[in-house]
Amino acid sequence: MRPQTVNEAEVRAALAGKFGEAVRYAAEVLVEVSDALGNGELIEVETAHVSGVSYLTIGEWGIRFLENIAKMGARFKVLTTVNPMSFDLGGTISVDGKTREGQERIMSMLLSMGASTTFSCAPYDVVAAREWTAHAWAESSASAYINMFRNAMSDKLPGPLALLAGLTGWAPYTPLYTLEGRAPRVLIRLGKAELDPLTAGLLGREIGIMAGDRIPLLRGNVKFMNEESKREFAAAFSTYSASVFAVIEGVTPSWDKYLAVADLVEDVTVDTNEILGSVRNADPAASDAVLLGCPFLDVDSVLRVIDYIRRRYGDARARVPIYITTSRFVVEALGPLVKRMERQNVYITGDACLVVSPYAKRFRRIATDSVKAAFYLPKLHGIYVDLCRPTQCVDGAFS
Ligand code: F3S
């Protein structure tokens, strides 16, 4: 249950430059962060996941950081996946020349270091992240997802630190990598809750705000209606909380072990009906685009949207574009369906995040089921957001 700590002699060898300049630099930073935030020790991680990959978010300064590391001869030691880019590979989410050029430099530097070609914020679609295994992931929604739904262990690492973790296979030994450090501190009673993607996200937001930096224990008859609901819950919770872990009784694997170490200092009850009231003014029919897939959807969730559209609207073309963001693997798995849906104004895009792309600026109002997107779209692009259930968002686009 405890992660493997890194042998001191190995750390000393790394600091002395025995494994090259990039590893020496990475070890130096990791040791300093570990002294500041953890117990001074480092742990072995199975994988790393780098965030801050879009040119819009890291810009020239980010490129300079990557260039410096690349010049040191950096190569990832453990499987390192990376977050989405600002344009997609199929040419739907297009960007200006400067952004494209910057994004391509970022992509080629990461690939030259040996990053996986998974430019996705749902790396758990390809990485098993088994129970009690340690990972150094910087995408907060993904860390929260594997912590809550797989009982794997990852802290919320800053993007550059996750990159350094990928080079060494080490991460600072922070409390979130221990059973005791994951002990719930606040009990949240939910009653009966059947969570679709929207209600899951709204609940995640509410609990994230309530919990702050404490780990909550959710008690009640909580049912996630589908895979997308779990992703939306994790994404919203980690957007609004300082933590990336919550224990959900009956859902989080080994939740009973956390119950045994819980130190509950607060006990609150949440009325899920009240939470839903916060979106009553949404009007998806007034939006000029729909976004589904923040975080990225898996094949099954994309198929569910396609099935709904075809059953309800046949071959009709949507009034406004519907963007379904996902990984290139899902796009490839869907094959000719992707082109067929484009004729209906539905775009299934691979490896791009619309939220962190300047492409989003062409829209004034976006309907989405993602509470995380609803947080960032107004901040990054000044876009008004209508929060709606996936089917309501789709209906708005066809109205
Ligand atoms: Fe993923 Fe972009 Fe949302 S990285 S979680 S689709 S903001």
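Residue 96 fails exactly one of the following numbered conditions: (1) open to solvent by less than 10 Å² (accessible area, probe 1.4 Å); (2) in contact (Cβ under 8 Å) with a residue 60 or more places away in the chain. What is the number of that condition?
(1)
Which residue out of 260, 289 is modelled with pLDDT of 95 or more and assigned by TED's automatic domain parsing to the domain that holds residue 385?
After ruling out the rest, the residue left standing is 289.
So which residues in region 75-93 are buried (at least 20 other Cβ atoms within 10 Å of the Cβ), hydroxyl-bearing (Ser, Thr, Tyr) and more than 28 Å from residue 24 (Cβ to Cβ)?
86, the sole residue that qualifies.
Scan (1) in contact with a Ser or Thr (Cβ under 9 Å, 6 or more places away or on another chain); (2) surrounded by fewer than 24 Cβ atoms within 10 Å (Cβ to Cβ); (3) farther than 22 Å from residue 126 by Cα for the single condition residue 299 breaks and write down its number.
Unmet for residue 299, out of (1) in contact with a Ser or Thr (Cβ under 9 Å, 6 or more places away or on another chain); (2) surrounded by fewer than 24 Cβ atoms within 10 Å (Cβ to Cβ); (3) farther than 22 Å from residue 126 by Cα: (3).
Yes or no: region 322-345 includes at least one residue that is within 16 Å of the ligand (Cβ to nearest atom), buried (at least 24 other Cβ atoms within 10 Å of the Cβ) and not in a strand (DSSP E or B).
Yes, the conditions are met somewhere in region 322-345.
Taking the criterion of being among the hydroxyl-bearing types (Ser, Thr, Tyr), within 14 Å of residue 53 (Cβ to Cβ), open to solvent by less than 10 Å² (accessible area, probe 1.4 Å) and within 16 Å of the ligand (Cβ to nearest atom), would at least one residue in region 121-144 satisfy it?
no
Restrict the check to region 362-373 and report whether at least one residue is assigned to a helix (DSSP H, G or I), small (Gly, Ala, Ser) and assigned by TED's automatic domain parsing to the domain that holds residue 385.
Yes, the conditions are met somewhere in region 362-373.
For residues that are part of a helix (DSSP H, G or I) and away from the ligand (no atom under 12 Å from the Cβ), scanning just region 346-361, find the one that is surrounded by the fewest Cβ atoms within 10 Å (Cβ to Cβ).
Taking the candidates together, the pick is 361.
List the number of the failed condition for residue 213; all other conditions in (1) touching a helix residue (DSSP H, G or I) at 6+ places or on another chain (Cβ under 9 Å); (2) open to solvent by 40 Å² or more (accessible area, probe 1.4 Å); (3) free of Cβ contacts under 8 Å to residues at least 40 places away in the same chain hold.
(1)
Taking region 298-321, which residues are acidic (Asp, Glu) and part of a loop (DSSP other than H, G, I, E, B)?
Answer for region 298-321, where residues must be acidic (Asp, Glu) and part of a loop (DSSP other than H, G, I, E, B): 298, 315.
Table: residues versus (1) within 16 Å of the ligand (Cβ to nearest atom); (2) under 15 Å from residue 164 (Cβ atoms); (3) touching a residue at least 40 places away in the same chain (Cβ under 8 Å); (4) assigned by TED's automatic domain parsing to the domain that holds residue 157.
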position	(1), (2), (3), (4)
29	no, yes, yes, yes
33	no, yes, yes, yes
39	no, no, yes, yes
45	no, yes, yes, yes
63	no, no, yes, yes
68	no, yes, no, yes
72	no, yes, yes, yes
78	no, yes, yes, yes
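Would you point out the residue of region 1-41, among those that are touching an Asp or Glu at 6+ places or on another chain (Cβ under 8 Å) and closer than 26 Å to residue 130 by Cβ, that is most open to solvent (accessible area, probe 1.4 Å)?
The extreme case among them is 4.
Within region 146-158, which residues are open to solvent by less than 10 Å² (accessible area, probe 1.4 Å) and either assigned to a helix (DSSP H, G or I) or in contact (Cβ under 8 Å) with a residue 60 or more places away in the chain (or both)?
146, 147, 148, 151, 153, 154
Which condition number in (1) open to solvent by less than 10 Å² (accessible area, probe 1.4 Å); (2) at pLDDT below 95 is the one that residue 117 fails?
Tallying (1) open to solvent by less than 10 Å² (accessible area, probe 1.4 Å); (2) at pLDDT below 95, residue 117 fails exactly one: (1).
Answer yes or no as to whether residue 372 is modelled with pLDDT of 95 or more, within 16 Å of the ligand (Cβ to nearest atom) and buried (at least 22 other Cβ atoms within 10 Å of the Cβ).
Taking the combined requirement at face value, the residue satisfies it.
Checking residue 230 against (1) under 24 Å from residue 375 (Cβ atoms); (2) surrounded by fewer than 21 Cβ atoms within 10 Å (Cβ to Cβ), which test does it fail?
Going through the list (1) under 24 Å from residue 375 (Cβ atoms); (2) surrounded by fewer than 21 Cβ atoms within 10 Å (Cβ to Cβ), residue 230 breaks only (2).
Could you please find all residues in region 220-237 being among the aliphatic types (A, V, I, L, M), away from the ligand (no atom under 16 Å from the Cβ) and either part of a helix (DSSP H, G or I) or within 14 Å of residue 207 (Cα to Cα) (or both)?
Once the filter is applied, which keeps residues that are among the aliphatic types (A, V, I, L, M), away from the ligand (no atom under 16 Å from the Cβ) and either part of a helix (DSSP H, G or I) or within 14 Å of residue 207 (Cα to Cα) (or both), region 220-237 yields only 222.
Pick from 261, 244, 268: which is among the β-branched types (Val, Ile, Thr), over 17 Å from residue 369 (Cα atoms) and within 16 Å of the ligand (Cβ to nearest atom)?
The conditions single out 244.
The values are calculated or read from the model by the stated rules, or taken from the named source; none is laboratory data. Not measured: the values here are computed from a predicted model. All Cβ positions, glycine included, derive from the backbone under ideal geometry; neighbour counts span all protein chains shown. Surface accessibility is based on the protein's heavy atoms, side chains included, excluding ligands, DNA and RNA. Shrake-Rupley method; radii C 1.70, N 1.55, O 1.52, S 1.80 Å.
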